[in-house]
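Below is one structure; the comments refer to it alone.
The values are calculated or read from the model by the stated rules, or taken from the named source; none is laboratory data. Source: prediction; values computed, not measured. Every residue, glycine among them, receives a Cβ derived from its backbone with ideal geometry; neighbour counts consider all protein chains shown.
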């Protein structure tokens, strides 16, 4: 059973975007001071404030986007509204290429994943202190960020593999909200990511399924890939490639400079605890990949999970080619041009 929290407002396409999002400042004085020789192309990017977005933030802070002639405008917005806004041209990119992106594509929205550096979900199933096994969640409530998101698909897969039925899935609205629901006793278990899992663990909650177990279960759910409207990406292939380059440069900096990465993580997640930041960094580096191509087998796993959860029609899932959900040609072109080889040499 799936429950939406009281007061949950469904997103409506057509409402002016600016009234529905928080536009984050990109330090315009810094950008003006740089006085670039060429005009920067503005790209609107919807993103979740999590570890998966730190490469984006690093690319902005280190001016990798400026070097590529781009000026990202960041928007904090729910995944469903972001993807729908993308279809009508109000957003260029969304960093919601996991379950939400695939669900939208399966439902006919003309969007595709154009690159995927994050191939494992950085999630943990946390339960109440008295629970010692996943089986004890039978008949209980489990919080996930949003229905169709990776947190929901991962929870569903864990419960199915453990043959744990009769669980009520609660859509909380986000990972921080799931954490809050755990602490207030509104749910008995929740899918959270670092550093939220660490905070809950230190407060006595039990980490029931962690990163190690997820990898052993081979639950390779693509999380937070970059989605673009198909027609827009085809008309702006050079912009797509420059965006990918900027993200890759951000990942390289974080990979090579741990101290810088942890400082960036602290700044953008508002976490200061050294232990939490250390574990978050380790989780992040384990889940990021240098190969930005979307793996077909991971997409197949996600499609199968969406179908088994009855979130998409099983016949539709079977008859829809996997390439309807992703496009690797932009990354492959950069590979042929030698960009990644030079970056990681």
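The helices (runs of 4 or more DSSP H) falling completely within segment 53-141 that include 1 or more residues that are within 14 Å of the chain's Cα centre (by Cα) and under 30 Å from residue 256 (Cβ atoms) map to 54-61, 99-106. Applying the set (1) in a loop (DSSP other than H, G, I, E, B); (2) over 30 Å from residue 198 (Cβ atoms); (3) in contact with a helix residue (DSSP H, G or I) (Cβ under 7 Å, 6 or more places away or on another chain) to residue 310 leaves exactly one unmet item: (3).
Taken over segment 175-196, residues that are surrounded by fewer than 19 Cβ atoms within 10 Å (Cβ to Cβ) and in a loop (DSSP other than H, G, I, E, B) amount to 3. Answer yes or no: is there a residue in segment 269-284 that is out of contact with any strand residue (DSSP E or B) (no Cβ under 7 Å at 6 or more places or on another chain), at pLDDT 85 or above and surrounded by fewer than 14 Cβ atoms within 10 Å (Cβ to Cβ). The answer is yes, given that some residue of segment 269-284 is out of contact with any strand residue (DSSP E or B) (no Cβ under 7 Å at 6 or more places or on another chain), at pLDDT 85 or above and surrounded by fewer than 14 Cβ atoms within 10 Å (Cβ to Cβ).
Apart from one condition, residue 160 fits all of (1) assigned by TED's automatic domain parsing to the domain that holds residue 277; (2) surrounded by fewer than 21 Cβ atoms within 10 Å (Cβ to Cβ); the exception is (1). Considering segment 107-155, and only residues there that are outside the structural domain of residue 283 (by TED's automatic domain parsing) and on the phi > 0 side of the Ramachandran plot, the residue that is surrounded by the most Cβ atoms within 10 Å (Cβ to Cβ) turns out to be 148.
Of all residues in segment 197-212, those being touching a strand residue (DSSP E or B) at 6+ places or on another chain (Cβ under 8 Å) and either assigned to a strand (DSSP E or B) or buried (at least 21 other Cβ atoms within 10 Å of the Cβ) (or both) number 8.
Look at segment 186-207: where a residue is in the same structural domain as residue 158 (by TED's automatic domain parsing) and a partner is assigned to a loop (DSSP other than H, G, I, E, B) and buried (at least 22 other Cβ atoms within 10 Å of the Cβ), sitting 6+ places away or on another chain with Cβ atoms under 6 Å, you get 191/123; 193/122; 193/123.
For segment 163-172, give me each residue that is surrounded by fewer than 18 Cβ atoms within 10 Å (Cβ to Cβ) and within 25 Å of the chain's Cα centre (by Cα). Answer for segment 163-172, where residues must be surrounded by fewer than 18 Cβ atoms within 10 Å (Cβ to Cβ) and within 25 Å of the chain's Cα centre (by Cα): just 168. When segment 285-320 is filtered for residues that are under 20 Å from the mean Cα position of the chain (by Cα), surrounded by fewer than 17 Cβ atoms within 10 Å (Cβ to Cβ) and more than 17 Å from residue 121 (Cβ to Cβ), the ones remaining, listed by number, are 290, 291, 296.
Taken over segment 251-290, the criterion of being part of a loop (DSSP other than H, G, I, E, B), within 19 Å of residue 64 (Cβ to Cβ) and free of Cβ contacts under 8 Å to residues at least 12 places away in the same chain is satisfied by 257 alone.
Determine whether residue 230 is modelled with pLDDT of 85 or more, under 24 Å from residue 149 (Cα atoms) and surrounded by fewer than 18 Cβ atoms within 10 Å (Cβ to Cβ).
yes
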